[in-house]
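Take a look at the structure below.
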Amino acid sequence: MVRVCSIAYMLNLERLRTLDALARHGSVSGAADGLHVTTSAVSQQMSKLEREVGQRLLARNGRGVRLTDAGRLLADHAARILSQVELAQSDIEAQRGEVVGEVRLAAFPTAARGLFPAALTTLRADHPELKLRTTELEPEAGIRAVLRGDVDLAVVLDWSNKRLPVPGGLTKAELLDDAPDIAMPVGHPLADRAEVGLEDFADDDWVSWPEGEFCHDWLMFTLRSKGIEPRIAHLAGEHHTQLALIAAGFGVCVAPRLGRGPVPEGLRLVPVRQTMRRHVHAVWRTDADRRPSIRAAVSALRAAGRALHEPAPAGGPDRSGGRADLP
């Protein structure tokens, strides 16, 4: 009995969670960011865990730390234990049927701007006991955060001609489709067209997303597939910055409609004639599939997306799109 109690005390869930975060992030600062605690708190938890197991779990590695063999062994067990705990929590929440606790949401910037305000307002009104946390993450980073357990649900995107791989262990549900336009200065020769194609801008300078981001890679892939070697003149992560550059006469850009906001004077937005769409999805860990809070979040995000598809006021942009049912 004494031995059982000692083991139960040793395997403290919070300390195992700290060890798991260290294994996933590879640093004390990364683990602290993922757990929303201080680096001092991470160090204290690990010191206690080392005393309890009677072995060193961390070793110095330059200015950082690395897991010892014992640390990696216990971290493997910790990942499995925490997965089972999450599954148990999902089952308990599903059995109770109440939307309570905490749900951590991530989204790429235009989705955060275009969907979060309405979705969070709905969740707060319908489920006042649900605590909400949000952050902005690019699609690939959002998927990694879900896999690591840093967030519960991420809003991600891909394009009709370039899909974003979703690893095993994650569930994906469609939220909406987003039609893009091409933004150009009002004096551009194609500014009076009803619709355009990307190949029409083979000789133009482009304003793109930063290198390495999914949408930048998509733009390069799409233009090159049309035999165009794009001239990328400017890089900007924020759509508002891109549109400001276009309005000042510094090229053209792809301008999705989700989260666009006010458009500066001096530019023209023309629809793309191809059936080109950004597909916006929610992804979450499959072992959390039964959590009522996850299902409530997906429903609220879908409702926010549907509101964007309602007929626009006279002179406003068309926001047609689609949705799928929850799995």
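The values are calculated or read from the model by the stated rules, or taken from the named source; none is laboratory data. Since we're looking at a predicted model, the values are computed, not measured. All Cβ positions, glycine included, derive from the backbone under ideal geometry; neighbour counts span all protein chains shown. To get the accessible areas, we keep the full protein, side chains included, count just its heavy atoms, and leave off ligands, DNA and RNA. Shrake-Rupley method; radii C 1.70, N 1.55, O 1.52, S 1.80 Å.
Worth pointing out:
- As a summary of the residue check, G168 satisfies the conditions (1) more than 14 Å from the chain's Cα centre (by Cα); (2) touching a residue at least 60 places away in the same chain (Cβ under 8 Å) except for the one numbered (2).
- Neighbours by Cβ (under 6 Å, 6+ apart or cross-chain): first from segment 189-208, over 17 Å from T222 (Cβ atoms); second open to solvent by 10 Å² or more (accessible area, probe 1.4 Å) and not in a helix (DSSP H, G or I): A191/R268
- Only one entry of A21, A79, A59, A70 meets the criterion of being under 30 Å from C215 (Cβ atoms) and not aromatic (F, W, Y), and that entry is A21.
- Criterion: out of contact with any His (no Cβ under 9 Å at 6 or more places or on another chain), open to solvent by 20 Å² or more (accessible area, probe 1.4 Å) and not polar (S, T, N, Q) - qualifying residue of R273, R278, R268: R273
- Residue under evaluation A194, criteria (1) surrounded by 16 or more Cβ atoms within 10 Å (Cβ to Cβ); (2) of a type in the set (A, V, I, L, M, F, W, C); (3) assigned to a loop (DSSP other than H, G, I, E, B), criterion not met: (1)
- Residue in segment 210-225 that is assigned to a helix (DSSP H, G or I), surrounded by fewer than 16 Cβ atoms within 10 Å (Cβ to Cβ) and in contact with a Pro (Cβ under 8 Å, 6 or more places away or on another chain) present: yes
- Those helices (runs of 4 or more DSSP H) of segment 1-115 in which at least 2 residues are closer than 30 Å to A282 by Cα, open to solvent by less than 50 Å² (accessible area, probe 1.4 Å) and at pLDDT 80 or above, considering only elements entirely within it, cover 13-25, 28-35, 69-96.
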